[in-house]
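Remarks on the structure that follows.
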Number of protein chains: 2
Amino acid sequence: MSEQDNLHPMRHSLAHIMATAVQRLWPDAKFGVGPVVENGFYYDIDLGEQKVSESDFKKIEKEMRAVINKDFAFERFELPVDEAIAWARDNNQPYKEELLNDLKRAGTTVAKDLDAAELGLAANGESQVELVSFYKNGDFTDLCRGPHVESTGKVGAFKLMRVAGAYWRGKEGNPQMQRLYGVAFATKEELDQYLTMLEEAKKRDHRKLGQTLDLFLFSDMVGSGLPMFTPRGTVLRDELAAFSNQLRQRSGFQKVWTPHMTKKELYEASGHWAKFGDELFLVKSQETSDELVLKPMNCPHHTRIYASQQRSYRDMPVRYLETTTDYRDEKTGELGGLNRVRALTQDDSHVFCRPDQIEVEINGLMAAAAELYSTVGMDLRVRLSYRDDSDAYLGDPELWETAQGQLKAAVLSNGLNYFEQEGEAAFYGPKIDFMATDAIGREHQVATVQLDFVQPDRFGLSYIAEDGSATTPVMIHCALLGSIERFLSVYIEHTAGRFPVWLAPEQVRLITVNQEADTLAFAEEVRRQAFDMGLRLTVDNSNESVGKKIRAAELYKIPYTVVIGEKEIGGGPLTPRVRSDMAVKEGEAGSAAVADFLQTVATEAKTRVSKSSF
Amino acid sequence: MSEQDNLHPMRHSLAHIMATAVQRLWPDAKFGVGPVVENGFYYDIDLGEQKVSESDFKKIEKEMRAVINKDFAFERFELPVDEAIAWARDNNQPYKEELLNDLKRAGTTVAKDLDAAELGLAANGESQVELVSFYKNGDFTDLCRGPHVESTGKVGAFKLMRVAGAYWRGKEGNPQMQRLYGVAFATKEELDQYLTMLEEAKKRDHRKLGQTLDLFLFSDMVGSGLPMFTPRGTVLRDELAAFSNQLRQRSGFQKVWTPHMTKKELYEASGHWAKFGDELFLVKSQETSDELVLKPMNCPHHTRIYASQQRSYRDMPVRYLETTTDYRDEKTGELGGLNRVRALTQDDSHVFCRPDQIEVEINGLMAAAAELYSTVGMDLRVRLSYRDDSDAYLGDPELWETAQGQLKAAVLSNGLNYFEQEGEAAFYGPKIDFMATDAIGREHQVATVQLDFVQPDRFGLSYIAEDGSATTPVMIHCALLGSIERFLSVYIEHTAGRFPVWLAPEQVRLITVNQEADTLAFAEEVRRQAFDMGLRLTVDNSNESVGKKIRAAELYKIPYTVVIGEKEIGGGPLTPRVRSDMAVKEGEAGSAAVADFLQTVATEAKTRVSKSSF
């Protein structure tokens, strides 16, 4: 068994060990469920009037280490379900008793509200449960399906992280328990690495950086999930969208424009209304009886543009591009920073093509995605999302089969790192999801390429084939950044706000040593030159010390800061200060004439090189 | 009396002359009202079962000319109101009788539903009417306030235009009459000019051109007033917005981004909810109880960005720019092409400044507007819109007084052609409206610059003044294009779709003489070069004759068309065909090497010169 495969039983064993420690410290503790979660484990406990707080963690961890040091074996045994219920009653474990009663009554269907494995239950098969398994480590026994590690000494490195309220079985109205979270890894090094990553992630929190770097804001008057972007944040949005568009425009995509609203008829025709009708924002006209909605996606609108002209096989593919904002009625509780918003701007595109053009089109889009993510310094991995056997999918199963094969062929020919997953497809077709790994090792779902055999048919789209027959085109949906807001939440943390020159809201800041007329005139002349070159250069001519002005520029993580004094005004070379993370190659640092310096920055921006190591 | 001043009595006299002709042709005709309207006049008539149609116009015009040739004097006389009523009864004119009875009963208040002048009534003063004036020309008499021209021979040139149904006194349920429209001018030349303009306007109809040039479309599934833009139309939108933005960015405006939706609280705070609440699209969340609306304007959102940071007098002015779509719940019946839409994209901007910065900021915006409209080839005129004494305006009247003075000073110092109008201000401040005249002489309201002393105060905005006190800034709203959709409706008709190179969706089309490999390769190489230079160049390599391909390019009004044959492929110079309306200066036409030709087009696009005469 590899270390990775062993992590699950290790973490689950630590849940038991934590429960052991809790029971020793609070003998009246009543236990709920204690499953494994990402990076660790938790256990729900009920201490009655008493409450565990973070200040108790040291005590609990000490007790856990005592259990670990004893190296108790995890001993498995089984009891008939009625004896198990008696055990729970005898040990004053009402939550376990409830679970066991449910299990007895309904077999494995108890798993409907909580996964049987998470419940720590031995759900042996599909029908009536007869035997329930237990694990015993030293003085602590828990009903549990397992598996566990051999003994308490073999659990790797762990740390308790936090405690939070949790309703029993996740249901409001049920007793409120306390959920104790811990993280665990095979080695101390891996744990430390993870904790360092968490620290780093906290420092990089995009909500915090969004504020300190003055990038975006929310307002109670406007509402949650509806971010607004300052001039600095808008530079990031616009530059990213322009790059993403450019990668597709050069292969023939053309921008289109559609409104953010439509009659709901459009989605009745597309099939979205039946599927997602209750996730849409409804719009009420006070002047008419029109039933309108805000668009949650752009494909149905784009089919209208396609359908506005007669198309021939020679016109195909028709490729539309639109960076536009979609609205989705997310629950307020699920909103957080830019990660999940109600107003999401997609760098969306749609190809309408002949079946024989699918693979070429997908190849092009995958090349674009690869270039984009390499430019922003993130590793890509690809998930091929197929349908499963459920009835959640529309369209001819045979078409699905063919389409899935074509996607895979394209991925293989691109040599991309990929994996396949059933049941993750959109309802209208299989798709390719791109997963990008950020600077601190977290993986995020970003771009998607989706095939669609359903919508063109539903909308009656066609082109005249070479033989003169009206033929239904295939649609390919693609967003490279995905939602720009969500991408920014990832990218701001990826870079810790140290944006490369092409994205930096301020690329250069000039700092004047004084406020004399010739200094100001010189700075203004450089600013004008830079503006004409398309550079974002600002002047700090405030009445502050040079040191204070430099520190102010550092706070905004500006790539280049240039102090303007007598020498520079007299025609001497500029000596830019370079942001500390930026790798300066020999010959690039040091002094340069004004025009040369500006040209260097312009080239750096234009080529989108990144000198940063995030 | 100038000819212009004389037009009104001429047109009004023609209404009488038309009635004279109608009465001669249909002696039982009963007459309603016959007022002067823009460019002409009408008369509402009731012929019972008979109906006038356009085929009768010749007959009516002939009879009118007979009356004109007789040169009857218009003789004025007065009767006491009761005698006037008797006259109406004796002459079987029940509509006139009704009007006279109303007039007798209520004095001038009869004018509530139709203007007294339009009724042709002698409403002598505010109180009880005693005498009613009549005008007689030959055998026709009508009650009428006048004035008229001296005699029927002095009425200039006229033409009957159309006939349409109209309810008596505009009220549904009243008898339906027929409204006969005519146009009239002082001279035959002016009339012909006007009729030519109408013909030309019909040919230029932007809805028609939008279809034939493949610029935009509507869809029943999406809904009325919600246009979608094809790739060609999107080029127009994007290029116009980019130019408009650039004119402001160079003087320090910065782009921001805000969502299209907000809680209605924002507009309660701004004061818009109370004023315009029933003109907004209401948005219903199915997940929360949030009361949301679509934004009909952007200023309240922009105040939130301003308020997100502490501002000092040194930071002012703060200048935001956002091209974004607003939604207004227009009645379906009022929607037409791009002229009036429910989704209107504004090239909006807001300045937050100190009171002492107002004039400089307004000067800058007016210079930007002047450059924009000179570039698109339209003459500008400026309307200064002030408040009147009604209670429709918010804010301190003294601030209004000051603001109006500052606007006027700025207009005067810019040397702009202007006029002043009371009662046209926005509810939050006085404004400057820009009126542009198009190629066929029609004037359209376009850009606006609006002062606002109300919103900053309502939102509690402030900056720290030099003396350390928190001071309220002034806001300046400005859109240069106004609504891009509406601007396009004007601009497409202004140019008749013959867009200058900087705006042309396709700037150059290459036409291949055949489909051989080296021809295609050459064309593709030129296309790639052009793309890299930011040009919009397409290749028509379809299997059609060169003549047919040239005609196809002409239909799209493409500025340059270049036929690619053996000579060109062999390195010979290109010989572009230039769109017929484009003035070609000596030395510019004729042959040029590929690189030179592309560079010429690129320069033409970059400098936004227009070689067209629309």
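Where a number appears in this text, it was derived from the coordinates with a stated rule and is not lab data. Predicted model, so just to flag it, every value in this text is computed and none were measured. Reconstructed Cβ throughout: ideal geometry from the backbone, glycine too, with neighbour counts over all protein chains shown.
So which GluC sites (Glu not before Pro) in region A:25-87 end up in coil per DSSP with only 10 or fewer other C-beta atoms within 10 Å? Sites meeting the loop and neighbour criteria: A:Glu38, A:Glu49. Cβ crowding within 10 Å ranks A:Trp273, B:Trp502 as A:Trp273, B:Trp502, fewest other Cβ atoms first.
In region A:222-345 the Cα-Cα distances spread across 10 Å bins starting at 0 as 11, 33, 35, 18, 3 percent of all pairs.
Set the Förster distance to 35 Å, then compute FRET efficiency between A:Glu75 and A:Asn101 from the Cβ-Cβ distance, nearest 0.05.
The formula returns an efficiency of 0.90 here.
Exposed loop trypsin sites (Lys or Arg not before Pro) only (DSSP loop, at most 10 other Cβ atoms within 10 Å): please give the longest stretch of chain A free of them, not including the sites. It runs A:172-584. Diffusion of region A:208-495 by Stokes-Einstein, at 25 °C in a medium of 0.890 mPa s and with Rh set to the Kirkwood radius over alpha-carbon pairs, works out to 124 µm²/s.
For B:Glu359, inter-copy separations between label points set 7 Å beyond Cα along the Cβ vector come to 7.3 nm, shortest first.
Taking a ≥ b ≥ c as the square roots of the eigenvalues of the Cα gyration tensor, an a/c ratio of 1.5 or more together with a/b no larger than b/c marks chain A as oblate. Every pair of different Cα atoms in region B:3-201 enters the Kirkwood calculation, which places the hydrodynamic radius at 17.1 Å.
Across region B:211-290, the convex hull enclosing all Cα atoms gives 181 Å³ per residue. For the residue pairs A:Lys255/B:Lys549; B:Lys331/B:Lys431; A:Lys284/B:Lys263; A:Lys51/A:Lys331; A:Lys58/A:Lys96, the C-alpha atoms sit more than 20 angstrom apart in A:Lys255/B:Lys549; B:Lys331/B:Lys431; A:Lys51/A:Lys331; A:Lys58/A:Lys96. When B:Ile440, A:Ile17 are sorted by how many other C-beta atoms sit within 10 angstrom of their C-beta, beginning with the fewest, the order is B:Ile440, A:Ile17. Across region A:33-49, computed HN-Hα scalar couplings (Karplus, 6.51 cos²θ - 1.76 cosθ + 1.60, θ = phi - 60°) run 10, x, x, 8, 10, 4, 6, x, 7, 8, 9, 8, 10, 10, 9, x, 5 Hz from first to last residue, x flagging Gly and Pro. Taking each DSSP H run with n ≥ 4 as -39500 (n - 2.57) and averaging over every residue of the protein assembly as shown yields -11000 deg cm²/dmol at 222 nm.
Extents of region A:508-607, largest first, come to 36, 26, 22 Å (Cα atoms, principal axes, whole angstrom).
How would you classify region B:286-362 from its alpha-carbon gyration tensor, with a ≥ b ≥ c the square roots of the eigenvalues: rounded for a/c under 1.5, else prolate if a/b is greater than b/c, otherwise oblate?
In terms of gyration-tensor shape, oblate.
Amide H to amide H distances under 5 Å link A:Gly223 with B:Lys263, where only residues 5 or more positions off or on other chains count and H is placed in the peptide plane.
Computed from the mean reciprocal separation of all distinct C-alpha pairs, what Kirkwood hydrodynamic radius does region B:437-593 have, in Å?
On the way: mean 1/r = 0.0506 Å⁻¹.
That comes to 19.8 Å for region B:437-593.
Placing a label point 7 Å from Cα along the Cα-to-Cβ axis, A:Asp278 is separated from the same position in the other copies by 3.5 nm, shortest listed first. Taking a Cβ cut-off of under 13 Å around B:Thr212, the surrounding Lys, Arg, Asp and Glu residues balance to a net charge of +4, with basic ones at +1 and acidic ones at -1. Of the GluC sites (Glu not before Pro) found in region A:506-614, the ones in coil according to DSSP and having at most 14 other Cβ atoms within 10 Å of their Cβ are A:Glu516, A:Glu544, A:Glu586, A:Glu588. Hey, could you get me the Stokes-Einstein D for region A:1-63, Kirkwood radius over alpha-carbon pairs, 37 °C and 0.692 mPa s, rounded to whole µm² s⁻¹? Answer from the Stokes-Einstein relation: 262 µm²/s. Which whole DSSP H helices in chain B pass both tests: a Cα extent of 30 Å or more along the axis and a mean Kyte-Doolittle value no lower than -0.5? Within chain B the helices that satisfy the rule are B:3-25. Would you mind classifying region A:354-444 by shape? Square roots of the alpha carbon gyration tensor eigenvalues, ordered a ≥ b ≥ c; an a/c under 1.5 is rounded, otherwise it is prolate if a/b is larger than b/c and oblate if not. Oblate shape, in that a/c is at least 1.5 and b/c is the bigger or equal ratio. A:Asn414 label point (Cα plus 7 Å toward Cβ) to equivalent points in the other copies: 5.0 nm, shortest first.
Computed from backbone phi with θ = phi - 60° and the Karplus coefficients 6.51, -1.76 and 1.60, the 3J(HN,Hα) list for region B:212-226 is 5, 8, 6, 9, 7, 7, 10, 9, 4, 5, 8, x, 6, x, 10 Hz; x is used for glycine and proline. With distances taken between every two different alpha-carbon atoms, the protein assembly as shown has a Kirkwood hydrodynamic radius of 36.2 Å.
When B:Val132, B:Val222, B:Val539 are sorted by how many other C-beta atoms sit within 10 angstrom of their C-beta, beginning with the fewest, the order is B:Val539, B:Val222, B:Val132. Rounded to the nearest 20 debye, the dipole magnitude of the protein assembly as shown is 1440 debye, with +1 charges on Lys and Arg beta carbons, -1 on Asp and Glu beta carbons, and the Cα centre as origin.
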